[in-house]
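Asks: After the structure tokens below, expect a handful of questions from me.
The values are calculated or read from the model by the stated rules, or taken from the named source; none is laboratory data. Treat the numbers as computed from the prediction; the structure is a model and nothing was measured. Glycine gets a Cβ as well: all are built from the backbone with ideal geometry, and neighbour counts include every protein chain shown.
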Amino acid sequence: MFLLRPLLTYGNRMVTEPGRPRGLSRSRGLVFAVIMIVTILVAQMGTSIVGAIVAQRQAQIAAQDTFSYVGDLTVERVSRYAEAGTDTVAETASAIVNSPGDVTLDEVATMVYLRLDRKPQVRGAYVGFPDGSFVSVSREGTGFTAQRVEVSPERNATESAYDAQFKEISRKDIDLDYDPRVRPWYLAGEGSLKPVWTDPYLLFDSNVTFASAAAGARTRDGLVAVVGADVSLEQLVMVLDSLPLGAGAQGFVLSGDRRVIAAPSEFTQTLRETATLTGAVPLASDIELGSEAVASDHSDGDVFGRSGDRIIVERSFPKAEGLDWVLHLEADESQLSLGLDSLQLTIYLVTAISTLMVVAAGVLVYRMWRPLRGLDTRAATDQLTGLANRHEYQRRGRALLHRAEVRHATVAVMVMDMDHFKTLNDTLGHEAGDEALKAVGAALQANARTRDVVARLGGDEFVLLQVLPHVDHVASTVERVRADVEKAVRTGTRGDDLLGITAGYSVSRAGMYDLEVLVHEADVALLAGKRAVRGRSYRHRPQPKGPLGTYDPEV
């Protein structure tokens, strides 16, 4: 230590080592300080240049991430409408197959109405029979319209008008030359037990594009009927008109062969004029919609492209949805990454702009993070009740059933809906209906544990999955939950004693922990119970029936 001859300190004074000139020490210190300053300035300049390049790249990545989140949200919303169509088809086909004996067209019309009443996203549904007879039910204002074509003992076509509760107002003969057996939905559905989607087509006697979900209703004796349903394209247009990307952003739903299924409202007239001229569903190229970004498979993830200053992204819908559709989004780059033009100034205004950009980047990240987190939450949550939405319930429900199957635990799957909910909306307004839905959601959350799954499936239909210690506890637990929810609705809303709660439930068993099957069984029990006595709980008991393995509810 002493051989190094360091600086010596005495009290609060510092002196140099004997024999070293004091001026030389100060000169070297000044040079060192200058070198440090120059080094810092050069490093700051280099950091600013590199930071500008990195910031530009990161902004582009952030723009793509923002686009991906919006794509997730839009796909989930469109899939929700599509699921309403496939659910309507599957439930109606099951009701026809499980009906004792032959059913009349009026009975089929009632079956269709019961599903439409719970699926506001569905515009209409229809059933065609192998002999050419046909019945359709569609929404008309606050009521419904039904058309029937009977072919035996002689061909006869009628049209009926119904009120909101499906009470017939009028019936008249009509001239309807319609054979369902040659329509796209019938041809697509007659060979499939599960709902499938048709290619887009022009609606009968119109220039409006539609895509239908369809499935065959079969027994062991063969095809009984084909059921089809249309989702409301007007509501899909509303989804595309309200993309959370600001003015100038556009979204389109395309078929696999690039035909336009749904587009923003500003394209409605153009699409109809194009369909009139060509006699076919318009292609994306007909409205000058095209880019290098073409999604071919959902496993590819987001496929990005560019057209001038516009960024384009496409993605296919998940294969599990059964939709051969593509979501096409595009927006100006400036809408997705504000401030890119000013980044070049950081090269010339080194210190000031770099500091400003650090602050601006922090604010930008903070402002972007919260909306992105909010999008993630909203994508999994029903906005009115705060419960899980359909997509989230399917994800969590399958996970819960998988864990229960490993442990051989008993799972109760409860489906509930409100009695006379439509009447409440019609008499007291939708605000009263929203209050009732919120009350049901709060009551279900109060009865659910952390590991349970509780969700709103749509309309006034809710589902609750609970793992119970023993199968003997299921009936009492379901009735207790149903009674608590009914009490909350009657005491906490303006519906008073107008509303009630009916529940249907199914129970897991060896070899059966499938979410879709268990929810379907509970829904079958619910529908059967509502036709018997409302305001009670009904259990679905599986009964073998034929080689197809269908079941009858026992309530």
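Asks: For residues that are over 29 Å from Thr88 (Cα atoms), part of a helix (DSSP H, G or I) and not acidic (Asp, Glu), tally how many sit in the range 450-476.
Replies: Residues in the range 450-476 being over 29 Å from Thr88 (Cα atoms), part of a helix (DSSP H, G or I) and not acidic (Asp, Glu): 3 in total.
Asks: From (1) buried (at least 23 other Cβ atoms within 10 Å of the Cβ); (2) within 19 Å of Ala528 (Cα to Cα); (3) touching a helix residue (DSSP H, G or I) at 6+ places or on another chain (Cβ under 8 Å), pick out the condition that doesn't hold for Val485.
Replies: All conditions pass for Val485, except number (2).
Asks: When residues of the range 157-204 are filtered for being at pLDDT 90 or above, more than 15 Å from Phe129 (Cα to Cα) and part of a strand (DSSP E or B), how many remain?
Replies: Matching residues across the range 157-204 total 11.
Asks: A follow-up question, please. Every residue in the range 266-292 that is in a helix (DSSP H, G or I), under 26 Å from the mean Cα position of the chain (by Cα) and under 14 Å from Thr209 (Cβ atoms), please.
Replies: If the condition is that a residue be in a helix (DSSP H, G or I), under 26 Å from the mean Cα position of the chain (by Cα) and under 14 Å from Thr209 (Cβ atoms), then Phe267, Thr268, Leu271, Ala284 are the ones that fit.
Asks: Look at Val112 and say whether it is in contact with a helix residue (DSSP H, G or I) (Cβ under 7 Å, 6 or more places away or on another chain), under 23 Å from Thr86 (Cβ atoms), of a type in the set (Val, Ile, Thr) and touching a residue at least 40 places away in the same chain (Cβ under 8 Å).
Replies: No.
Asks: Tell me which residues, restricted to the range 508-543, are over 25 Å from Ala439 (Cα atoms), of a type in the set (A, V, I, L, M) and touching a strand residue (DSSP E or B) at 6+ places or on another chain (Cβ under 6 Å).
Replies: The one that is over 25 Å from Ala439 (Cα atoms), of a type in the set (A, V, I, L, M) and touching a strand residue (DSSP E or B) at 6+ places or on another chain (Cβ under 6 Å): Leu518.
Asks: For the range 237-267, give me each residue that is among the hydroxyl-bearing types (Ser, Thr, Tyr) and modelled with pLDDT of 85 or more.
Replies: Within the range 237-267, just Ser265 meets the criteria.
Asks: For the range 161-180, indicate whether the set of residues that are surrounded by 15 or more Cβ atoms within 10 Å (Cβ to Cβ) and charged (D, E, K, R) is non-empty.
Replies: There is no residue in the range 161-180 that is surrounded by 15 or more Cβ atoms within 10 Å (Cβ to Cβ) and charged (D, E, K, R).
Asks: If you check Ala229, Ala188, Ala217, Ala211, which single one turns out to be among the aliphatic types (A, V, I, L, M), more than 26 Å from the chain's Cα centre (by Cα) and assigned by TED's automatic domain parsing to the domain that holds Pro282?
Replies: Answer to the check: Ala217.
Asks: Quick check on my filter: what residues within the range 501-555 are at pLDDT below 90 and either part of a strand (DSSP E or B) or basic (Lys, Arg) (or both)?
Replies: Residues satisfying the conditions are Arg541, Lys545, Thr550.
Asks: Does Ala82 satisfy being of a type in the set (A, V, I, L, M), under 30 Å from Ala217 (Cβ atoms) and either surrounded by fewer than 21 Cβ atoms within 10 Å (Cβ to Cβ) or at pLDDT 90 or above (or both)?
Replies: Numbers: of a type in the set (A, V, I, L, M): yes; under 30 Å from Ala217 (Cβ atoms): yes; either surrounded by fewer than 21 Cβ atoms within 10 Å (Cβ to Cβ) or at pLDDT 90 or above (or both): no.
Against the criterion (of a type in the set (A, V, I, L, M), under 30 Å from Ala217 (Cβ atoms) and either surrounded by fewer than 21 Cβ atoms within 10 Å (Cβ to Cβ) or at pLDDT 90 or above (or both)), Ala82 does not qualify.
Asks: When you check Asp460 against the structure, is it touching a helix residue (DSSP H, G or I) at 6+ places or on another chain (Cβ under 6 Å) and either among the aliphatic types (A, V, I, L, M) or crowded, with 19+ Cβ neighbours inside 10 Å (or both), yes or no?
Replies: Judged against the criteria, Asp460 is a match.
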